[in-house]
Amino acid sequence: MSVPRLLPWAGPEGKPCFPVTGGDGCLSRAADAVDSVQLRMAAALLDHSAALLEGRQVTKAELRSLVARMREALTDVPRIAESRRLQHGGVCQGGAHGLAVREPGALGVPGVAAPR
């Protein structure tokens, strides 16, 4: 049995959105394209943050902008991970996004959790 695909946008009231049809149609391909753009944007943001924080003083406005964009990316990435895990038969449990919750600092960086 096929598991419905979690789409990269929220439904009414911010709830997760799943297509009614199978996972290989036009809607699924559009969701794949959105996922791809969101992941590329997150990777570019990581590169930008490294360059921004490398050596020079940054302004409060630059830091605010960086944090706002990072928050957006960190909102997208867990949903993409959950969607892919569901597509590949994985089990999601716990957490606000259905992801396993880890202790902060599990990667040796305060507040950063280790991947499963």
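Hey, can you tell me all the residues within the stretch 7-61 that are under 20 Å from ARG79 (Cα atoms) and among the charged types (D, E, K, R)?
GLU13, LYS15, ASP24, ARG29, ASP32, ASP35, ARG40
Tell me whether the stretch 51-73 contains one or more residues that are among the small types (Gly, Ala, Ser), without any contact (Cβ under 8 Å) to a residue 24 or more places away in the chain and closer than 25 Å to GLN87 by Cβ.
Residues of the stretch 51-73 that are among the small types (Gly, Ala, Ser), as a first pass: 51, 55, 61, 65, 68, 73.
Filter again for without any contact (Cβ under 8 Å) to a residue 24 or more places away in the chain, leaving 51, 55, 61, 65, 68.
Subset that is closer than 25 Å to GLN87 by Cβ: none.
Scanning the stretch 51-73, I find no residue that is among the small types (Gly, Ala, Ser), without any contact (Cβ under 8 Å) to a residue 24 or more places away in the chain and closer than 25 Å to GLN87 by Cβ, so the answer is no.
So GLY89 fits all but one of (1) over 20 Å from LYS15 (Cα atoms); (2) modelled with pLDDT of 90 or more; what number is the exception?
Going through (1) over 20 Å from LYS15 (Cα atoms); (2) modelled with pLDDT of 90 or more one by one, GLY89 breaks only (2).
Filter the stretch 1-27 for residues that are charged (D, E, K, R) and loosely packed, with under 15 Cβ neighbours inside 10 Å; which is modelled with the lowest pLDDT?
First, the residues of the stretch 1-27 that are charged (D, E, K, R): 5, 13, 15, 24.
Right, trim to loosely packed, with under 15 Cβ neighbours inside 10 Å and you get 13, 15, 24.
Numbers: GLU13: 86, LYS15: 85, ASP24: 70.
The residue in question is ASP24.
So if I check each of ARG69, ARG84, ARG5, which one is among the basic types (Lys, Arg), in contact with a helix residue (DSSP H, G or I) (Cβ under 9 Å, 6 or more places away or on another chain), on the phi < 0 side of the Ramachandran plot and not in a helix (DSSP H, G or I)? Before you say what the answer is, go through the steps one by one.
Numbers: ARG69 fails: not in a helix (DSSP H, G or I); ARG84 fails: not in a helix (DSSP H, G or I).
Within the list ARG69, ARG84, ARG5, the selection yields ARG5.
Looking at the stretch 28-47 only, could you name the residues that are surrounded by fewer than 14 Cβ atoms within 10 Å (Cβ to Cβ) and either over 30 Å from PRO4 (Cα atoms) or touching a residue at least 40 places away in the same chain (Cβ under 8 Å) (or both)?
LEU46, ASP47
Among residues belonging to the stretch 30-81 that are of a type in the set (Asp, Glu) and farther than 13 Å from TRP9 by Cα, point out the one that is modelled with the lowest pLDDT.
Taking the candidates together, the pick is GLU54.
Taking only the stretch 48-88 into account, find how many residues are of a type in the set (Gly, Ala, Ser) and surrounded by 11 or more Cβ atoms within 10 Å (Cβ to Cβ). Give the steps one after another, and end with the answer.
The first filter runs over the stretch 48-88 and keeps only residues of a type in the set (Gly, Ala, Ser), leaving 49-51, 55, 61, 65, 68, 73, 81, 83.
Retained after the next criterion (residues that are surrounded by 11 or more Cβ atoms within 10 Å (Cβ to Cβ)): 49, 65, 73, 81, 83.
So the answer is 5.
Can you give me the number of residues within the stretch 19-66 that are acidic (Asp, Glu) and either in a helix (DSSP H, G or I) or touching a His at 6+ places or on another chain (Cβ under 6 Å) (or both)?
Keep residues of the stretch 19-66 that are acidic (Asp, Glu), which gives 24, 32, 35, 47, 54, 62.
Then keep just the ones that are either in a helix (DSSP H, G or I) or touching a His at 6+ places or on another chain (Cβ under 6 Å) (or both); that gives 32, 35, 47, 62.
So the count comes out to 4.
The values are calculated or read from the model by the stated rules, or taken from the named source; none is laboratory data. Only a predicted model underlies this, so the values are computations on that prediction, with no experimental measurement involved. When we count neighbours, we look across all protein chains shown, and the Cβ atoms used for this are built from the backbone with ideal geometry, even at glycine.
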